[in-house]
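Scroll down for the structure; my scribbles are underneath it.
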Amino acid sequence: MVFSNNDEGLINKKLPKELLLRIFSFLDIVTLCRCAQISKAWNILALDGSNWQRIDLFNFQTDVEQAPRLVVLYLGRVVENISKRCGGFLRKLSLRGCIGVGDSSLKTFAQNCRNIEHLNLNGCTKITDSTCYSLSRFCSKLKHLDLTSCVSITNSSLKGISEGCRSLEYLNLSWCDQITKDGIEALVRGCRGLKALLLRGCTQLEDEALKHIQNYCHELVSLNLQSCSRVTDEGVVQICRGCPRLQALCLSGCGNLTDASLTALALNCPRLQTNSRVHGRGRSPLANLSCCFSLCLLPRILEAARCSHLTDAGFTLLARNCHDLEKMDLEECILITDSTLSQLSIHCPRLQALSLSHCELITDDGILHLSNSACGHERLRVLELDNCLLITDVALEHLEHCRGLERLELYDCQQVTRAGIKRMRAQLPHVKVHAYFAPVTPPSAVGGGGQRLCRCCVIL
């Protein structure tokens, strides 16, 4: 490495260039650019390719957005310049929220940065299938691709990805609502090493798409089907039978599911693990996929929010077969009762987070079962009871036994009082309680002369 003799800064004399370069490696893109303007020596250090292996432009683009008319031209040019500067050094690039970046800039990027492994295009709404064609052609080492809310992406993109990006392990297609079963079939035929596939809000997907996943994605660890409202029990059964390594499954908003899906999970996926929404001490399998491929994994999380046909019978069978559950999201599973909590208390001693929001049949007795169990005493960190209308201050007394509880949600629990919360917090001072108490309707004016206001008007 060559430096000008005019660079007489003390730090340049005292520290070896290798150590300076190491220090520069911890700087973000904006700071690196500023350092490059200090001196010739720092310019060489700041622009060294080894400092540009991981780039996140999210904070950078939020500053640019203050001048909307410059966004499209400026951000596109930045991406192109970065690709030319980094070349083969760049491994990870996040353009999350960079709405001004389009197909042309990403084509230049793909041509210059052929060693890219991790690419986040979340919210880049201007990109189309053309970008995926470029990635397929030039970026064969790509392992992680996030296309969340890239609404112009179609089945053609998935076909291109399957042909050129066969090393892909993680793909997020959330809210790409033009994707159909044909696109999923093309994808999984070529990318058989997929370990995580997120399909939230892909509303055109049906059970046949899951059949293709079953046939080809035997390495799948995480699957998110949130709000895929056309999926039925048949599709879930297929996934359970064909994906033996599955550890994370989100079915929230799949309103057609019944206890048959829980039965399939209980009998076929005792190794199901949790996903990244776990609160507390549980580790997400996506945080380190390489540790997740033993065939002796045990279940840890299920998200089934708004699956309103699920009952106590299904959750009883699940609890009896999946003893390592750590997190369950049962929001708006309106048919479950205290019986489900009793079974979870007996069979799931590792439960850390449980959402029962809008489960209006849950009572203080169910909370008693939970708080007296092994998971209540040792593991439970998060409990959500929003709109559980039968819950009273008695439930809070039971929860005083949950010494590890960190967060409790009590919005619109109309029989819970401030006094009850205060008593519980005296025993559990570290717990964060989120509750809402509607303002009291003011009394009418003395003598009846004043106009009475309804509660809504008082709030407003």
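The values are calculated or read from the model by the stated rules, or taken from the named source; none is laboratory data. Quick caveat, the model's predicted, so the values are computed rather than measured. Because the Cβ atoms are built from the backbone with ideal geometry, glycine has one as well, and the counts that use them run over all protein chains shown. Heads up: the accessible areas ignore ligands, DNA and RNA and are worked out on the full protein's heavy atoms, side chains in. Shrake-Rupley method; radii C 1.70, N 1.55, O 1.52, S 1.80 Å.
Only one of 201, 253 is out of contact with any helix residue (DSSP H, G or I) (no Cβ under 7 Å at 6 or more places or on another chain), open to solvent by less than 10 Å² (accessible area, probe 1.4 Å) and assigned to a loop (DSSP other than H, G, I, E, B). Can you tell me which? Break it down into steps so the answer makes sense when it comes.
Working: 253 fails: open to solvent by less than 10 Å² (accessible area, probe 1.4 Å).
One residue alone meets the criteria, 201.
Would you be able to say whether some residue in the range 408-427 is open to solvent by less than 50 Å² (accessible area, probe 1.4 Å), farther than 22 Å from residue 300 by Cα, in a strand (DSSP E or B) and hydrophobic (A, V, I, L, M, F, W, C)?
Scanning the range 408-427, I find no residue that is open to solvent by less than 50 Å² (accessible area, probe 1.4 Å), farther than 22 Å from residue 300 by Cα, in a strand (DSSP E or B) and hydrophobic (A, V, I, L, M, F, W, C), so the answer is no.
Within the range 113-133, take every residue that is of a type in the set (S, T, N, Q) and surrounded by fewer than 21 Cβ atoms within 10 Å (Cβ to Cβ) and give me the one that is nearest to the chain's Cα centre (by Cα).
Taking the range 113-133 first, the residues of a type in the set (S, T, N, Q) are 115, 120, 122, 125, 128, 130-131.
Now drop any that are not surrounded by fewer than 21 Cβ atoms within 10 Å (Cβ to Cβ), which leaves 115, 122, 125, 128, 130.
Working: 115: 26, 122: 12, 125: 20, 128: 24, 130: 27 Å.
Filtering the range 113-133 for residues that are of a type in the set (S, T, N, Q) and surrounded by fewer than 21 Cβ atoms within 10 Å (Cβ to Cβ), the one nearest to the chain's Cα centre (by Cα) comes out as 122.
Name the residue, out of 335, 341, 361, that is without any contact (Cβ under 8 Å) to a residue 40 or more places away in the chain and either assigned to a helix (DSSP H, G or I) or touching a strand residue (DSSP E or B) at 6+ places or on another chain (Cβ under 8 Å) (or both).
After applying the criteria, what remains is 341.
Pairs needed: first member in the range 36-52, more than 18 Å from residue 87 (Cβ to Cβ); second member anywhere, modelled with pLDDT of 85 or more and open to solvent by less than 40 Å² (accessible area, probe 1.4 Å); C-beta distance under 6 Å; at least 6 residues apart or different chains.
Close Cβ pairs (under 6 Å, with a partner that is modelled with pLDDT of 85 or more and open to solvent by less than 40 Å² (accessible area, probe 1.4 Å)) amount to 42/35.
Is it true that some residue in the range 392-406 is without any contact (Cβ under 8 Å) to a residue 12 or more places away in the chain, farther than 23 Å from residue 312 by Cα and assigned to a loop (DSSP other than H, G, I, E, B)?
Looking only at the range 392-406, we keep the residues that are without any contact (Cβ under 8 Å) to a residue 12 or more places away in the chain, and these are none.
No, because not a single residue in the range 392-406 is without any contact (Cβ under 8 Å) to a residue 12 or more places away in the chain, farther than 23 Å from residue 312 by Cα and assigned to a loop (DSSP other than H, G, I, E, B).
If you go through the range 165-196, how many residues are part of a strand (DSSP E or B) and more than 21 Å from the chain's Cα centre (by Cα)? Full working, then the answer.
Narrowing the range 165-196 to residues part of a strand (DSSP E or B): 170-172, 196.
Remaining after also requiring more than 21 Å from the chain's Cα centre (by Cα): none.
Looking only at that region, the number is 0.
Check the range 140-152 and report whether any residue there is in contact with a Gly (Cβ under 8 Å, 6 or more places away or on another chain), more than 25 Å from residue 230 (Cα to Cα), not basic (Lys, Arg) and not in a loop (DSSP other than H, G, I, E, B).
No, the range 140-152 contains no residue that is in contact with a Gly (Cβ under 8 Å, 6 or more places away or on another chain), more than 25 Å from residue 230 (Cα to Cα), not basic (Lys, Arg) and not in a loop (DSSP other than H, G, I, E, B).
Could you please find all residues in the range 98-112 being at pLDDT below 95 and aliphatic (A, V, I, L, M)?
99, 101
Among residues belonging to the range 344-358 that are in contact with a strand residue (DSSP E or B) (Cβ under 7 Å, 6 or more places away or on another chain) and touching a residue at least 40 places away in the same chain (Cβ under 8 Å), point out the one that is surrounded by the fewest Cβ atoms within 10 Å (Cβ to Cβ).
357
It is to be established whether one or more residues within the range 89-109 are open to solvent by 30 Å² or more (accessible area, probe 1.4 Å), part of a helix (DSSP H, G or I) and closer than 30 Å to residue 237 by Cβ.
The answer is no; no qualifying residue exists.
Name every residue in the range 227-250 that is surrounded by fewer than 19 Cβ atoms within 10 Å (Cβ to Cβ), in a loop (DSSP other than H, G, I, E, B) and at pLDDT 90 or above, in order of residue number.
We begin by selecting, within the range 227-250, every residue surrounded by fewer than 19 Cβ atoms within 10 Å (Cβ to Cβ); these are 229-230, 232, 234, 241, 244.
From what is left, the residues that are in a loop (DSSP other than H, G, I, E, B) are 229-230, 232, 244.
Answer for the range 227-250, where residues must be surrounded by fewer than 19 Cβ atoms within 10 Å (Cβ to Cβ), in a loop (DSSP other than H, G, I, E, B) and at pLDDT 90 or above: 229, 230, 232.
Criterion first (in contact with a Lys or Arg (Cβ under 7 Å, 6 or more places away or on another chain) and either modelled with pLDDT of 95 or more or at positive phi (or both)) does residue 132 satisfy it? Spell out how you get there, then give the answer.
Values: in contact with a Lys or Arg (Cβ under 7 Å, 6 or more places away or on another chain): no; either modelled with pLDDT of 95 or more or at positive phi (or both): yes.
Here the answer is no, as residue 132 does not meet what is asked.
Kindly evaluate residue 166 against the criterion of being within 18 Å of residue 145 (Cα to Cα), basic (Lys, Arg) and surrounded by fewer than 23 Cβ atoms within 10 Å (Cβ to Cβ).
In short, yes.
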